[in-house]
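Right, one structure below, let's go through it.
The values are calculated or read from the model by the stated rules, or taken from the named source; none is laboratory data. Not measured: the values here are computed from a predicted model. Cβ atoms come from the backbone with ideal geometry, glycine included; neighbour counts cover every protein chain shown.
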Amino acid sequence: MSDNREVNRREFFKGAFADIARMVVDVVAQKDTNNPPKKRDYLRPPGAVGEGLFSTLCTRCDECIKACPHMCIRGADTDSGARVGSPVIIPKDAACKLCVDFPCIKACKEGALKPVEDIRKVRIGVALIDRRRCLDYVGGNNYLCQQCYKQCPLKDEAIYLEGTRPVVRAERCTGCGICEYICHEITSPSAVKIFVRR
C-alpha cells in the first residue's frame with residue numbers, strides 16, 4: 001500500500017514540475033506575443049498566415065522545419081525578434097527553393113501555414129536591390145554579374161533586365177530569397193535583401 005502511495009506521490013511531483021515548466025514557457029511566449037517588435041524583419045515559410053494569427057496558431061512543433069528538404073527553415077533564436085523556436089527563413093544562409101509540393105505546408109497541422117496552389121502565389125517577402133552595391137550597377141558595362149536574375153525561379157517575371165541591370169518587379173516577387181543567397185556569395189554584405197511586405 002505504501003509503495004502505491006510513493007509511486008503516486010512521485011508521479012504527482014513529476015507532473016507538477018512539468019506543469020510549472022510549461023507555464024514558464026507559456027509566460028515567456030505570451031510576453032513575446034504581447035510585445036511584438038514594431039518592425040518585423042524575419043521571414044516566415046511559404047503560406048504563413050498573418051503574423052498575429054501565426055503567433056497564435058504555431059505551436060513550434062518543428063514539423064515544417066523537419067519537412068523542408070533543403071533545410072531552409074529553422075527555429076528562430078533570441079536575436080531574431082521572432083518567438084524563439086518559431087519557424088523562420090534567413091535567405092543569406094539558406095533560401096526557400098519553392099518546392100512544388102510544399103512539404104513544409106503539408107507538415108503544418110495547426111493551420112499556421114496555408115496551402116498555396118502555385119509558386120507564383122507565394123509571398124514570403126519582397127526583394128530589393130541596393131544599386132550602390134550591385135555589381136551590375138556599379139561595375140558598368142565592364143562587369144556583368146546578373147546572378148540574381150539568372151537564379152530567380154521566376155526569371156523575367158519577378159526579376160527582369162533593364163539593359164544589363166536587374167530590376168525587381170515587387171508585385172511578382174515571392175520573396176524566396178534565392179537572389180539574396182546568391183548575391184551574398186558574391187558581395188558581402190549582399191546587394192540584394194528580402195524584406196517583409198508591409
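For the stretch 158-184, the set of residues classified as of a type in the set (Gly, Ala, Ser) and within 15 Å of the chain's Cα centre (by Cα) consists of Gly175, Gly177, listed by residue number.
Scanning the stretch 151-170 for residues that are free of Cβ contacts under 8 Å to residues at least 12 places away in the same chain and touching a strand residue (DSSP E or B) at 6+ places or on another chain (Cβ under 9 Å) gives a single hit, Tyr160. Taking (1) in contact (Cβ under 8 Å) with a residue 12 or more places away in the chain; (2) more than 18 Å from Arg197 (Cβ to Cβ); (3) assigned by TED's automatic domain parsing to the domain that holds Gly50; (4) of a type outside the set (A, V, I, L, M) in turn, Lys114 satisfies each apart from (2). The condition (being within 16 Å of Gly47 (Cα to Cα), of a type in the set (D, E, K, R) and part of a loop (DSSP other than H, G, I, E, B)) is satisfied by just one residue among Asp79, Asp101: Asp101. Among the residues of the stretch 51-62, not a single one is crowded, with 18+ Cβ neighbours inside 10 Å, assigned to a loop (DSSP other than H, G, I, E, B) and aromatic (Phe, Trp, Tyr). All of (1) in contact with a Ser or Thr (Cβ under 9 Å, 6 or more places away or on another chain); (2) over 15 Å from Pro115 (Cα atoms); (3) modelled with pLDDT of 95 or more; (4) of a type outside the set (Gly, Ala, Ser) hold for Pro69 with one exception: (1).
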